[in-house]
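As structure tokens, the structure follows; a few thoughts come after it.
The values are calculated or read from the model by the stated rules, or taken from the named source; none is laboratory data. Bear in mind that the values here come from a model prediction, so they are computed numbers and not experimental data. As a convention, Cβ positions derive from the backbone with ideal geometry for all residues, glycine included, and neighbour counts pool all protein chains shown.
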Amino acid sequence: MPATPRATRRAARAGPPRDAASLRAALVAARAPGSPAEVTERARAGLLAWLDASTAQPFETLVRALATGAVATQIGRAMLAQTPEPPGLACAAGCAFCCILPGADGATITGAEARALHAALAPQSGPGGTDWHPEACPALDPDTRMCRAYDARPMICRSYVSRDAAACAAIAEGRPMPGPATHPAQITYLTAHALARAALAGVAPTPTYALKTVAARAGASLAEALKTARHAPKSLDAERRRLVRGMGPAR
């Protein structure tokens, strides 16, 4: 049975969550400043639905699923799956302009995504995307311009869409153009991770990682790749705010 507002406030004041009930109260009370209210509540609803269906799991298992971003990723992917694909997309195999990632970071991903990406790339060898373009994702095959870890690609790779490949090429060269956009599932999943972080304060860290660094360090151990790619705590909020400024459908 859902907690009453009074019980939720009482549990939120009681300190870090210690069981499924107090974890639920912490998620209800969690805030994600910077994300629009409708996005925050959609993300929160996804977290609470997952928790209500998972209360038979040990508390430590619940915490790990939230802290690694496995739940946030599940929420984002479900939203993508339930949303019809926008008509007229120009996205096609081998286009790969969206795989040109300027800057050292590339993109923000969760721990669950970082582990999956590393596992997919670790057994592979040979040149990476930088053999095609100096700022391309290391997970890209430079000859086919196809992702070498497609099934393990993070949410940002799944949610970026465009109706104009020429606009994508221009953006890859640093020239802003209309056309490409990020699916609302992206900001929803990052907001879900931010809410999980707030709820787990004092219980477990909920880091994010740099996609490009994880892919580039696939030949190293997982522990070393994660250590190198781990973000500063403020990076998640900065990425959410960046996405909010650019929110809008593909045009």
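Observations on the structure shown:
- Top-ranked residue of segment 166-176 - restricted to ones that are touching a residue at least 40 places away in the same chain (Cβ under 8 Å) and surrounded by fewer than 18 Cβ atoms within 10 Å (Cβ to Cβ), ranked as farthest from LEU89 (Cα to Cα): GLY174
- In segment 173-192, the condition of being hydrophobic (A, V, I, L, M, F, W, C), under 16 Å from the mean Cα position of the chain (by Cα), farther than 20 Å from ARG44 by Cα and not in a helix (DSSP H, G or I) is met by at least one residue.
- Taking residues in segment 49-62 that are closer than 13 Å to ALA21 by Cβ, and partners anywhere that are of a type in the set (Gly, Ala, Ser), the pairs with Cβ atoms closer than 6 Å and at least 6 places apart or on different chains are THR55/ALA20.
- Within segment 154-189, if we keep just the residues that are touching a Gly at 6+ places or on another chain (Cβ under 8 Å) and of a type in the set (Val, Ile, Thr), the residue that is farthest from GLY76 (Cα to Cα) turns out to be THR182.
- Residue match in segment 146-159 (condition: part of a loop (DSSP other than H, G, I, E, B), farther than 18 Å from ARG242 by Cα and of a type in the set (D, E, K, R)): yes
- Of all residues making up segment 198-225, the number that are in contact (Cβ under 8 Å) with a residue 40 or more places away in the chain, part of a helix (DSSP H, G or I) and not polar (S, T, N, Q): 9
- Annotation note: of ALA81, ALA65, the sole residue that is free of Cβ contacts under 8 Å to residues at least 24 places away in the same chain and under 15 Å from the mean Cα position of the chain (by Cα) is ALA65.
- Subset of segment 84-111 that is within 14 Å of the chain's Cα centre (by Cα) and hydrophobic (A, V, I, L, M, F, W, C) - its residue that is surrounded by the fewest Cβ atoms within 10 Å (Cβ to Cβ): ALA107
- Checking each residue in segment 35-69 for being surrounded by 12 or more Cβ atoms within 10 Å (Cβ to Cβ), in a helix (DSSP H, G or I) and β-branched (Val, Ile, Thr) picks out VAL39, THR40, VAL63.
- Every residue from segment 191-244 that is among the β-branched types (Val, Ile, Thr) and either under 17 Å from PRO17 (Cα atoms) or surrounded by fewer than 22 Cβ atoms within 10 Å (Cβ to Cβ) (or both): VAL203, THR206, THR213, THR228, VAL244
- Of the residues LEU47, LEU80, the single one that is at pLDDT 95 or above and under 24 Å from ARG115 (Cα atoms) is LEU47.
- ALA116 vs. criteria in contact with an Asp or Glu (Cβ under 9 Å, 6 or more places away or on another chain) and among the hydrophobic types (A, V, I, L, M, F, W, C): yes
- Test: residue in segment 78-95 that is closer than 28 Å to GLU135 by Cβ and part of a helix (DSSP H, G or I): yes
- The one condition in (1) crowded, with 20+ Cβ neighbours inside 10 Å; (2) more than 21 Å from GLY179 (Cα to Cα) that GLY126 fails to fulfil: (1)
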